[in-house]
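Here the structure comes first, spelled out in structure tokens, and everything after it is commentary.
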Amino acid sequence: RAECLLYDQPVPPILCPKGGQAVLEAYDKSNRKKIGRFGITTNRGPPALEIDETIQDIYDINQQILGGYGIAAIIYMFVEPEYRKRGIGTLALEVIAAIQTVQNCDFTVLVADDDGSNKLIEWYEESGYTKAPKLQNIFGSPDGKYGLTMIRPTQVSSDIFARCQIKWW
């Protein structure tokens, strides 16, 4: 959308598939092997009191946005074990944030399940996510049974599209 504005072109109305969800895939260029798969929502979720309270508690934002805050989710993230610790997950988080920003989402939520090792939760915290205990029940993980619910403002680095080739189809 920014490019359209810069070049005085009409902004396309939809940049993501219909249905509110998308699957992103990452490939190794050298052998065309699929090395990562990431499921996300692409539409704003419905407003909820728990979301507003969490944002107020964590980010000290007391301003109420008409219609509630725009929340999108990461449904799952998977990187093949031999490709981990190479920045693929971090890049995926940036691409996801770019997509969700275009879709007018203010925050991204996820449920991190690391089987008790705490490594994945620490990685998400290093990536800007914060634990959101008030959201456990509404995001399908009562009492943390399926993982820990986390939230982060949807932010995009200015050079994401220069560093990453994104193909839509």
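The values are calculated or read from the model by the stated rules, or taken from the named source; none is laboratory data. No experiment lies behind these values; they were computed from the predicted model shown. Don't worry about glycine lacking a Cβ; one is built from the backbone with ideal geometry, like all the others, and counts go over all protein chains shown. SASA here: full protein model, heavy atoms, side chains in, ligands and nucleic acids out. Shrake-Rupley method; radii C 1.70, N 1.55, O 1.52, S 1.80 Å.
Of all residues in the range 83-117, those that are free of Cβ contacts under 8 Å to residues at least 24 places away in the same chain and either among the hydroxyl-bearing types (S, T, Y) or open to solvent by 60 Å² or more (accessible area, probe 1.4 Å) (or both) total 6.
Scanning the range 56-77 for residues that are at pLDDT 90 or above, out of contact with any Phe, Trp or Tyr (no Cβ under 6 Å at 6 or more places or on another chain) and surrounded by 16 or more Cβ atoms within 10 Å (Cβ to Cβ) returns I58, A72, A73, I74.
Mind listing whichever residues of the range 40-57 are in a strand (DSSP E or B) and of a type outside the set (S, T, Y)? Walk me through it before giving the result.
First, pick out the residues of the range 40-57 that are in a strand (DSSP E or B): 40-41.
Hit for the range 40-57 is I40, nothing else.
The residues of the range 42-55 that are open to solvent by less than 30 Å² (accessible area, probe 1.4 Å) and either hydrophobic (A, V, I, L, M, F, W, C) or touching a residue at least 40 places away in the same chain (Cβ under 8 Å) (or both), listed by number, are T42, A48, I51, T54, I55.
The rows are residues; the columns are (1) of a type outside the set (S, T, Y); (2) free of Cβ contacts under 8 Å to residues at least 60 places away in the same chain.
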position	(1), (2)
K119	yes, yes
Y124	no, yes
S127	no, yes
I138	yes, no
K145	yes, yes
T149	no, yes
V156	yes, no
